[in-house]
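Before any comments, here is the structure.
Any read-out appearing in this document is the output of simple, stated calculations on the displayed coordinates, not a laboratory observation. Just so it is clear, the model here is predicted, and its values are computed rather than measured. All Cβ positions, glycine included, derive from the backbone under ideal geometry; neighbour counts span all protein chains shown.
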DNA sequence: TAACATTAAATGTAATTGTATATATTTGTG
DNA sequence: CACAAATATATACAATTACATTTAATGTTA
């Protein structure tokens, strides 16, 4: 459905303003889709994001700094999220011996198991994005990459 | 810059997963751009969103319900945001006589003045989106509209 | 019209996040 | 080497948000 009709605003200053609003609106729509699914497994989408990064590193650990660097939402508080994941035994934290200011965070087997469940959830999600073709998805990715300059 | 390089994740399950992550990442990038600008004027992007909707209606008022319906972020708490705007005299609230459960919210002259200042800020923002052409922006809007089904 | 369901908005509470600051460690400089 | 600056992380506190519940008004229906 067209953005104009979704938010009932027919006029935009120009195509760029519309893009900005459209990205924010679409992100909110997307998070809405993810939300209920994630909730079932007791993790937030940010916690999921951290777990995915850690799996990408596995079996190497990552420092909190690296997590902040790669997280989708730069504003969120990585060390607090890590602590929450640790309390649920999804990650382990050890002080980094090379640089004792830093902490190594590694995903546990339990964390990997959880991710596997969440992956199937992602399959469902992707079905909901199927209203565009693979070629269109590629083009969308290209444009999003380009707009960030 | 390509998403792969920004978040240093080279592999994605498929193009759709990448689109989902790309939208979330780009939205976060965009909000980052807006943030410092909004802060100068003491409003959040959600408060700005409400003011814009009210200006769209001006001089007609809007009910809280209509605000929720049109807001970009459906989860936010419209009545509390309206109250904050009211405390700063950017909006007025009156009980709706036709349906006494509802409230009419209208933007004040002071609110309109603020928006005008914020508009020039938007011009700056749009310069930062100029790395894509108008035609590409149109295509991006089309694809975002389409992906939401 | 009495009883119940629905709707609009507000609010209490807990969780999350933003901002600034603190702590510990390491790096760089004279 | 001493000492200031920078870095990695944690945390205190305030603001914001999510979720559930409450209040008040309106609709519905038997």
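Just a few scattered comments:
- Result for chain A in a Gaussian network model with C-alpha springs under 10 Å: among A:111, A:130, A:32, the largest mean-square fluctuation is at A:130.
- Relative contact order (%) - criterion: Cα under 8 Å, at least six apart; region: the stretch A:1-111: 21 percent
- Average Cα contact separation per residue, the stretch A:64-134, under 8 Å, 6 or more apart, as relative contact order %: 22 percent
- Fewest-first ranking of A:86, A:100, using other Cβ atoms within 10 Å as the exposure measure: A:100, A:86
- When B:6, A:97 are arranged by Cβ crowding within 10 Å, least crowded first, meaning fewest neighbours, the order is A:97, B:6.
- Cα principal axis extents for the stretch A:1-145, largest first, Å: 57, 30, 26
- Helix-only [θ]222 nm of chain B, DSSP H runs n ≥ 4, -39500 (n - 2.57) each, per residue, nearest 500: -20000 deg cm²/dmol
- Distance between the stretch A:84-98 and the stretch B:108-149 - C-alpha centres, whole angstrom: 41 Å
- The rotation axis taking chain A to chain B passes closest to this chain A residue's Cβ, listed with the gap in Å: A:27, 2.
- The long axis of helix A:134-147 is offset from the longest Cα principal axis of chain A by roughly 80 degrees.
- Order of A:133, B:44 under a 10 Å beta carbon neighbour criterion, fewest first: A:133, B:44
- In degrees, nearest ten, helix A:109-128 long axis to first principal axis of chain A (Cα): 10 degrees
- For chain B, the longest principal axis of the C-alpha atoms and the axis of helix B:15-40 are separated by about 50°.
- Equivalent ellipsoid semi-axes - Cα gyration tensor, the protein assembly as shown, angstrom: 37, 23, 19
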